[in-house]
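Novice: My structure is below; once you've seen it, I'll send some questions.
The values are calculated or read from the model by the stated rules, or taken from the named source; none is laboratory data. Because the structure is predicted, anything quoted here is derived from the model rather than measured. Virtual Cβ from ideal backbone geometry, glycine too; neighbours counted across all protein chains shown. Note: accessible area is taken over every heavy atom of the protein model, side chains too, but ligands, DNA and RNA are not part of it. Shrake-Rupley method; radii C 1.70, N 1.55, O 1.52, S 1.80 Å.
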Amino acid sequence: MQQQQQHRQPELVEGSLPVFVFPTELVFYADEQTSHKQVLTLYNPYEFALKFKVLCTAPNKYTVVDATGAVKPQCCVDIVIRHRDVRACHYGVYDKFRLQVSEQSQRKALGRKEVTATLRPSATQEPPSPRPQEEERRLKEQLADSVFFEQTAFQTESRPVTGGPSVLTVLLGLVCMAALMLPTLGEQESTVPVYLHLSVNKKLVAAYVLGLLTMVILRT
């Protein structure tokens, strides 16, 4: 195992490791209490363990559970994010989370992934979607000078990570992950057959089950 680690080490260049996070955008709705709590799932498909850190451009708006932690090889972890400053002055403002990962034996960041977050007044009063070029330009203007703050600014909770998951737990987790990656019911531009499109409720169930499995994995 040590020999494999030595052979793999030169390939782990700082900032080059792909980071797999779902979803890539968080949308909170002021009039929906249930939407004030969102879950980011960080996947580790690699053969080595990763440690992660969550940073944010506006830490005073959010409470992040497990802003730092570890993910075992070929496992995943749920990161709960709660919006705790739901006010009209924050409507339409884009904040950004950055997930940084590194190998447990190193301090340098091997990879990073950024996730946008925004608060909207209501899910039933969605603003008209701007053209992709305008949306991209607006996001770049809002996020170009983003400054990320360390997770110490968050209210955090930690969970111990010990032992290993059972095969059944891992298989069920993979099924939930696959369900989350399938298109949502109503999406028009998709090559996946319509009968594989899942409703939002089914995806919420999959995310909930995946969260429970992650807790089981972390406690075993």
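Novice: Report the accessible area of PHE52, computed with a 1.4 Å probe over the heavy atoms of all protein chains in place, in Å² rounded to the nearest 10.
Specialist: Answer for PHE52: close to 10 Å² accessible.
Novice: Using a 1.4 Å probe on the protein chains only, how many percent of the accessible area of the stretch 20-123 belongs to carbon and sulfur?
Specialist: Taking all protein chains in place, the stretch 20-123 shows 48 percent carbon and sulfur surface.
Novice: Same structure again: Under 12 Å from the Cβ of LYS61, count the other residues' Cβ atoms, weight Lys and Arg +1, Asp and Glu -1, and hand me the total. Mind dumping the intermediate values first?
Specialist: Values: positive: ARG82, ARG84, ARG87, LYS96; negative: ASP85, ASP95.
It works out to a net charge of +2.
Novice: Let me ask you something else. Once the piece of chain linking TYR208 and GLN106 is laid out straight, how much longer is it, given 0.36 nm per residue of separation minus the C-alpha distance between them?
Specialist: Length difference between fully extended and current span is 33.5 nm.
Novice: Just to confirm, what accessible area per residue do you get for the stretch 20-123 at 1.4 Å probe, in whole Å²?
Specialist: Each residue of the stretch 20-123 exposes 40 Å² on average to a 1.4 Å probe.
Novice: What residues have an amide H closer than 5 Å to that of TYR46, excluding those fewer than 5 places away on the same chain, when H is modeled at 1.01 Å from N in the peptide plane?
Specialist: HN-HN under 5 Å from TYR46: GLN74.
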